[in-house]
1. Run the numbers for residue 114 and residue 218: contour at 0.36 nm per residue of separation, minus the present Cα-Cα distance, in nm.
2. Sum -39500 (n - 2.57) across every DSSP H segment of at least 4 residues in the chain, then divide by the residue count to get the 222 nm mean residue ellipticity, nearest 500.
3. Once you have the Kirkwood Rh of the chain from its Cα pairs, apply Stokes-Einstein at 20 °C and 1.002 mPa s and quote D in µm²/s.
4. Which of these, 147, 129, 83, has the largest mean-square fluctuation under a Gaussian network model of the chain (Cα springs below 10 Å)?
5. Please list 123, 211 in order of solvent-accessible area, largest first, computed with a 1.4 Å probe with all protein chains present.
6. With a ≥ b ≥ c taken as the square roots of the eigenvalues of the C-alpha gyration tensor of the range 175-235, please select rounded if a/c is under 1.5 and otherwise prolate if a/b is larger than b/c or oblate if it is not?
7. Fully extended, how many nm does the chain gain between residue 179 and residue 153 (0.36 nm per residue separation, minus their Cα-Cα distance)?
8. Mind giving me the nanometre distance, one decimal, between the label points for residue 83 and residue 226, set 7 Å out from Cα along Cα→Cβ?
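The values are calculated or read from the model by the stated rules, or taken from the named source; none is laboratory data. Just so you know, these numbers come straight off a predicted model, no measurement behind them. All Cβ positions, glycine included, derive from the backbone under ideal geometry; neighbour counts span all protein chains shown. When the accessible area is computed, the model is the full protein with side chains, heavy atoms only, and any ligands, DNA or RNA have been set aside. Shrake-Rupley method; radii C 1.70, N 1.55, O 1.52, S 1.80 Å.
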Amino acid sequence: MIQILTLLLICSSVSYAGTIDPSTPDSKYVEYGSQFECVVRVEGKYKDDTMYQGSAVIIDDHHFLTAAHVVTNYKECTILLKNKKFLIQEVLSHPDFKEESVGFADIALGYSREKFNLDFYPSLYGSDNEVGKICSISGYGYAGNFNTGAKIYDLKKRAGSNTIDKIDRDLIICSPSYRHDKDYTQLEFLIASGDSGGALFIDQKVAGINSILMATGKKKTESKYKEESGHTRVSKFVKWIQDNKRK
């Protein structure tokens, strides 16, 4: 039975990124992260003036996706891309999202009047065959490895890989594998607290939005071995995303 469900939310200016295989150099994850230009930082203020910060993924010239729990009750929202700030005009959380209902509809769609002007935008993954696929995952913030947990704060974007284990509620589930495991991948990676809104990719398509960490029999999650990450399943929400884009 899963005993801990941790929303990857940050309520201050600090954010957390992913943890990595302790036997693989961190530089490889930073280098891989640089390939995901569409994964960006999002920050702003809530209505009570506390600050938030997380990640997002840009999907066209004017729209991005993030986790709904990052932007719930937001007052201001900004996307940081190539040392430039984009003031966001609207962020729409899925109507089924409720903070107390962990694992359901944790997705939000944002709109920027100013164009992002990226060379490449990922399409949305629309198939329901995610289980067993090798995926790439990217986000910003604190890092570490599967033994130490998330410890390092440098705001570098990192990315890595994983094999999708299963589907649970609206979530794609991943877990860190040991080198001797059959599903071990070359840059084994797990999201950490605050990585919310970053993306999980299958075949360069956005298949998941980083949402939660889960652990069995542990008092808290630390992004270590024997924990699981949950990523909101984009294939379930493709129609909602397309219907709510500004024309």
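1. That pair, residue 114 and residue 218, stretches by 33.0 nm at full extension.
2. -2000 deg cm²/dmol
3. Rounded to a whole number, D works out at 123 µm²/s.
4. So, out of 147, 129, 83, the one fluctuating most is 83.
5. 123, 211
6. Oblate, because a/c is 1.5 or more while a/b does not exceed b/c.
7. Going from the current span to full extension adds 6.8 nm.
8. Result: 4.6 nm between the two label points.
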